[in-house]
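I'd like to ask some things about the structure below.
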Amino acid sequence: MHTTRRTILTGVGAGLAATALPRGSAAQGAAPGAAMGTLVRKPIPSSGEMIPVIGLGSARRYEEVKPGEDVAPLRDTFRRFHALGGTVVDTAPSYGQAEAIMGGLMDDLKIRPSLFVCTKVGVDNIEQGRAQIDASFKALRTDRIDLLAVHNLRDITNELAYLRELKQAGRIRYLGATTSFDRQYEAFEAMMRREQLDSIQIDYALDNRNAAERIIPLAKERGMAVFINLPFGRGSVFRATQGKPLPEWAAEIDVTSWAQFMLKYLVSHEGVTCAVPGMAQARYVDDNLRAAQGRMPDAAMRRRMEQYVDGL
Ligand SMILES: NC(=O)c1ccc[n+]([C@@H]2O[C@H](COP(=O)([O-])OP(=O)(O)OC[C@H]3O[C@@H](n4cnc5c(N)ncnc54)[C@H](OP(=O)(O)O)[C@@H]3O)[C@@H](O)[C@H]2O)c1
């Protein structure tokens, strides 16, 4: 009975819906014996548009790429992500060459139309904001950005006003704001109460759960989609679980790796829409997109996952 209840996507999983038809299949190059099923999706509250609960983050590994360096592993990562039905890709002008690399990969692979492209603006005044956003359109080689968010609250009021103009003009589809710093939470929360946003992006991980106290519930109350950055705490959760086997009960939620364990915990929160783990390897895509499949943890299972990680 206990297990059966977890198999049903209700409760904390309310709002989860397995409706997307993945483009991927074994015939399209899935890992041996690892045909992917349907990806779980959730709605963006302001439109009802459904997006897969796992996306791709492009900080660090993409920003570290040197001019002229071989981007074949990143191309494989993007190809695989697209083949398995992934759509949400997250970048920022502050991630070095990441936007330009993403723009190049989307062009090469001809996959721009099916992706949900998120980038940010992070500057000190509106002139700089306009220039940075113009540069993002060029680097991403697109005439429409799906989600543009103000990075780390910088010049937030002015930038949001400009983003509203861009949305009105159809150049962007959604707008939002991001942070990954606890010290900004108070100001971030005040901003969320003041501004009408389609989305927020916030840091949340099994070993970093502060955002679940006030920010994520407030986003739900205010009808904002919630994107999760740093879902692995930049790898801290892997360091904590290194060499440790998964608990047997992880099988009850179809989890076969620590990455899936961490991600399923996040995306089963009723206020969370999509987590964007940093992925620069195709094998990470195979692993992480499995967190958008199968049974999801219910409230009791989520508590058990927290206790397990807290006890490590
Ligand atoms: N304020 C903001 O707006 C803000 C701030 C921070 C981040 N972000 C966004 O959030 C995204 C995620 O953050 P992040 O990339 O810094 O950190 P993260 O997602 O917490 O951790 C990423 C790292 O985890 C490892 N990893 C990923 N999948 C794995 C798997 N299946 N198995 C084992 N290891 C795995 C990779 O390490 P290795 O590559 O070392 O192997 C990867 O670099 C960023 O890419 C960015 O898009 C936004």
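None of the figures in this text is laboratory data; all of them are computed from the coordinates on show. Predicted model, so just to flag it, every value in this text is computed and none were measured. Positions of Cβ are generated from backbone atoms using ideal geometry, with glycine treated the same way; all protein chains shown enter the neighbour counts.
Only bridges whose two residues both fall in the chain count here: according to DSSP, what percent of them are antiparallel, nearest 5?
Within the chain, antiparallel bridges account for around 15 percent of the total.
Cα axis of helix 72-83 to longest principal axis of the chain: angle in degrees, 0 to 90, nearest 10?
Helix 72-83 and the main axis of the chain meet at about 70 degrees.
Under the rule of -39500 (n - 2.57) per DSSP H run of 4 or more residues, summed and divided by the residues of the chain, what mean residue ellipticity at 222 nm is obtained, to the nearest 500 deg cm²/dmol?
-10500 deg cm²/dmol
Moving on. Order these peptides, 299-312, 91-104, by their mean beta-carbon neighbour count within 10 angstrom, highest first.
Those peptides, ordered most packed to least, come out 91-104, 299-312.
A follow-up question, please. How big is D, in µm² s⁻¹, for the stretch 159-249 by Stokes-Einstein at 37 °C and 0.692 mPa s if Rh is the Kirkwood radius over C-alpha pairs? Before the final figure, lay out each step's value.
On the way: Rh = 14.8 Å.
Translational diffusion coefficient: 222 µm²/s.
Taking K and R as +1 and D and E as -1, what net charge do the other residues with C-beta under 10 Å from the C-beta of Val150 add up to?
So the surrounding residues net to -1.
Separate question: Is the shape of the stretch 101-156 rounded, prolate or oblate, going by the alpha carbon gyration tensor and its root eigenvalues a ≥ b ≥ c, with a/c under 1.5 for rounded and a/b larger than b/c for prolate? List each step's numbers first, then the result.
Numbers: a/c = 2.97, a/b = 2.12, b/c = 1.40.
Prolate shape, in that a/c is at least 1.5 and a/b is the bigger ratio.
What is the extension gain from Leu312 to Arg164, computed as 0.36 nm multiplied by their sequence separation minus the C-alpha to C-alpha distance, in nm to one decimal? Each step should come with its number before you reach the end.
Details: separation 148, 0.36 × 148 = 53.28 nm, distance 4.52 nm.
Taking 0.36 nm per residue and subtracting the Cα distance, the gain is 48.8 nm.
Sticking with this structure for a sec: Where nothing but the Cβ of Lys and Arg (+1) and of Asp and Glu (-1) is charged, how large is the charge dipole of the chain around its Cα centre, in debye to the nearest 20?
Approximately 580 debye in magnitude.
Which value in Å is the Kirkwood Rh of the chain over different Cα pairs? Intermediate values should be presented prior to the final figure.
On the way: mean 1/r = 0.0510 Å⁻¹.
Averaging 1/r across every pair of different Cα atoms and inverting gives 19.6 Å.
Something else now. Take Ser47, project a point 7 Å from its Cα along the Cβ direction, then tell me which residues of the stretch 136-150 have their backbone nitrogen under 11 Å from it.
In the stretch 136-150, the label zone of Ser47 (backbone N under 11 Å from the point 7 Å along Cα→Cβ) covers 145-148.
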